[in-house]
Number of protein chains: 2
Amino acid sequence: MFKLTRKVEYALIALRHMQSKGSEVVTNTKEIAEAYDIPVQLLAKTLQQLAREGIIDPVQGPHGGYRLTANLEDLNLTDFIELLEGPMGLMDCYFDSRCEQLRVCNIRLPIVKINDSIRNLFNQMSLADLTK
Amino acid sequence: MFKLTRKVEYALIALRHMQSKGSEVVTNTKEIAEAYDIPVQLLAKTLQQLAREGIIDPVQGPHGGYRLTANLEDLNLTDFIELLEGPMGLMDCYFDSRCEQLRVCNIRLPIVKINDSIRNLFNQMSLADLTK
DNA sequence: ATTAAATACGACTTTATTAGTCGTATTTAA
DNA sequence: TTAAATACGACTAATAAAGTCGTATTTAAT
């Protein structure tokens, strides 16, 4: 329970790897996959997603790969996780209030508060904090 | 991602329900299941688990049910979740360091820190806070 | 004693989510 | 023209969560 998905893990590993090499350097998927023993295809999809989201910049063709473009100081953990995995909430009703039990639910408010606390915590953390 | 399991939800709903009735009153599974539209059998198993853990006290036979015994002030959210669902960590290596990738992993420490923060947050919250 | 209403609990099935793979297309440097 | 890279949808496999079933036990009420 409460685990990060591999997608998020792999994305963080890759970003940290790229960051340590500097933002001009182009790094390819295979290099990262081998260095950290991650399935290439899966990492590939993850990096493609990061590219679509504008966090890294793709360079196609031979000697291609990705270049880190986003300023990791400006990206917080909540946004990062939601960008990869969609809405992050302890219960669905945090985002979608079509739960049948809502009218009788006696724990919604406290859970919403906890959720806010977690989001707040994650908002305080930039990816730069996590990858340096 | 990051959702509480139903087991935890149902347990919290039940505890809150029982608490609102006072700690001498015996409440049975069916009553709670019907009030909140929860599958009886599943709630039954959950309450049995709470009983095994000493949080509620079973009363067998007709007019039986459960009575709230634990002092909810003394039980924090980390302990409660782990008691129902086992170890709570963003990555398995928080508890079990047999991960093959550990020697190359570049994100372990930051993740451990985040995990500590979440645990810390959850440690501050007693079940009494959540159910009153 | 018998009955019925409750808990106890392991085994099983179903469903949802996550993880990973495959095939094929596109881009581009050499 | 080739080969090394990204792009991406469709598929499959593995894992975890949710829910069901059957059967046993306890005990108050009759």
(message) So, B:GLU73, is that one more than 11 Å from DNA strand D (Cβ to nearest atom), away from chain A (no Cβ under 14 Å) and touching a helix residue (DSSP H, G or I) at 6+ places or on another chain (Cβ under 7 Å) or not?
(response) yes
(message) I'm told A:ILE114 meets every condition in (1) assigned to a helix (DSSP H, G or I); (2) open to solvent by 20 Å² or more (accessible area, probe 1.4 Å); (3) more than 24 Å from A:HIS17 (Cβ to Cβ) except one. Can you identify the failing condition by its number?
(response) (2)
(request) Please enumerate the residues belonging to region B:54-70 that are closer than 13 Å to B:ALA14 by Cβ and away from DNA strand D (no atom under 12 Å from the Cβ). (result) B:ILE55, B:ILE56, B:TYR66, B:ARG67, B:LEU68, B:ALA70
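Looking at the structure I just gave you, is B:LEU90 open to solvent by less than 20 Å² (accessible area, probe 1.4 Å) and under 30 Å from A:LYS21 (Cβ atoms)?
Values: open to solvent by less than 20 Å² (accessible area, probe 1.4 Å): yes; under 30 Å from A:LYS21 (Cβ atoms): yes.
Judged against the criteria, B:LEU90 is a match.
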(request) Show the residue pairs that are 6+ apart or on different chains and have beta-carbon atoms under 8 Å apart, the first residue being within region B:1-15 and without any contact (Cβ under 8 Å) to a residue 40 or more places away in the chain and within 14 Å of DNA strand C (Cβ to nearest atom), the second being open to solvent by 30 Å² or more (accessible area, probe 1.4 Å) and in a helix (DSSP H, G or I). (result) B:MET1/A:GLU85; B:LYS3/A:ASP92; B:ARG6/B:LEU42; B:TYR10/B:LEU42
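Select from region A:91-114 the residues that are in contact (Cβ under 8 Å) with a residue 12 or more places away in the chain and facing chain B (nearest Cβ under 9 Å) and list them in ascending order. Break it down into steps so the answer makes sense when it comes.
Within region A:91-114, the subset in contact (Cβ under 8 Å) with a residue 12 or more places away in the chain is A:91, A:93-94, A:105, A:108, A:111-112, A:114.
Within region A:91-114, A:MET91, A:CYS105, A:ILE111, A:ILE114 qualify.
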(message) Which of the numbered conditions does A:LEU68 fail, given that it passes all the others? Conditions: (1) within 16 Å of DNA strand C (Cβ to nearest atom); (2) surrounded by 15 or more Cβ atoms within 10 Å (Cβ to Cβ).
(response) (1)
(request) Having 1 or more residues that are within 10 Å of chain A (Cβ to nearest Cβ) is the bar; report the helices (runs of 4 or more DSSP H) wholly within region B:5-69 that clear it. (result) B:6-21, B:29-36
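The values are calculated or read from the model by the stated rules, or taken from the named source; none is laboratory data. None of the values given here were measured: they were computed from a predicted structure. Virtual Cβ from ideal backbone geometry, glycine too; neighbours counted across all protein chains shown. Remember, those area values only see protein heavy atoms, side chains included, never the ligands or the DNA or RNA. Shrake-Rupley method; radii C 1.70, N 1.55, O 1.52, S 1.80 Å.
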